[in-house]
1. Name the residue that is surrounded by the most Cβ atoms within 10 Å (Cβ to Cβ), counting only residues in region 1-51 that are within 27 Å of K124 (Cβ to Cβ) and hydroxyl-bearing (S, T, Y).
2. Please go through region 87-117 and give me each residue that is surrounded by 11 or more Cβ atoms within 10 Å (Cβ to Cβ), out of contact with any strand residue (DSSP E or B) (no Cβ under 8 Å at 6 or more places or on another chain) and under 19 Å from L34 (Cα atoms), ordered by number.
3. Using beta carbons and a limit of 6 Å, which pairs, at least six apart or on different chains, have the first residue in region 63-74 and closer than 9 Å to F95 by Cα and the second one outside any loop (DSSP other than H, G, I, E, B)?
4. If we keep just the residues of region 68-86 that are closer than 14 Å to V115 by Cα and within 14 Å of the chain's Cα centre (by Cα), which is surrounded by the fewest Cβ atoms within 10 Å (Cβ to Cβ)?
5. Give me the residue from region 15-35 that is within 19 Å of L78 (Cα to Cα) and assigned to a strand (DSSP E or B) and, out of that set, nearest to the chain's Cα centre (by Cα).
6. For region 52-67, give me the residue count where each residue is surrounded by fewer than 17 Cβ atoms within 10 Å (Cβ to Cβ) and in contact with a Ser or Thr (Cβ under 7 Å, 6 or more places away or on another chain).
Amino acid sequence: MQKINTTKAPAAIGPYSQALIVNGVLYSSGQIPLDPATGTVVEGGIKEQTLQVMKNLKAVLEAANTTFENVFKTTCFLADMGDFAAFNEVYGEYFTGKPARSCVAVKELPKGVLVEVEVIAVTK
């Protein structure tokens with residue numbers, strides 16, 4: 001088992017790793033729209049927050065020597081299902097391979113953010 005830790009993505013805000021690789025498969029923790037340099041939530045609505053989540057996921061994937069193209073499952077959490085279409089616009093720009101996905105609305109997310117995404121990917 002290999003722990004993934006990069007300063008290009010936000011540090012964990014609890015007792016967990018950014019991601020783990022087990023038997024060649026990356027399991028990421030959920031990424032929220034935190035700026036890795038400041039640790040603060042990015043300003044803006046669902047599109048701006050989703051864009052930051054994708055940047056954070058990209059950093060974790062790169063630290064594990066893999067890419068969005070190798071992601072085969074995502075789990076997405078939205079604070080408001082009314083943001084579904086706008087979320088999909090940004091999400092679709094990154095997950096062009098259309099991995100399997102679950103997307104649910106939740107009552108609340110850490111730090112009051114609008115979106116959180118976790119991934120499972122094959123590593124190179």
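1. Per the criteria, the residue is T50.
2. Going through region 87-117, the residues surrounded by 11 or more Cβ atoms within 10 Å (Cβ to Cβ) turn out to be 87-91, 93-95, 97, 99, 101, 103, 105-106, 109-111, 113-117.
Imposing the further condition that a residue be out of contact with any strand residue (DSSP E or B) (no Cβ under 8 Å at 6 or more places or on another chain) reduces the set to 88-90, 93-94.
Residues satisfying the conditions are V90, Y94.
3. F68/Y94; V71/V119; V71/A121
4. Checked region 68-86; the qualifying residue surrounded by the fewest Cβ atoms within 10 Å (Cβ to Cβ) is T75.
5. Step one: filter region 15-35 for residues within 19 Å of L78 (Cα to Cα), giving 28-35.
Remaining after also requiring assigned to a strand (DSSP E or B): 28, 31, 34.
Numbers: S28: 8, Q31: 4, L34: 11 Å.
Top of the filtered list is Q31.
6. 1
Values quoted throughout were computed directly from the atomic coordinates according to the rules given, and no laboratory measurement underlies them. All values derive from a computational prediction rather than experimental measurement. Note that we place each Cβ from the backbone using ideal geometry, even for glycine, and neighbour counts take in every protein chain shown.
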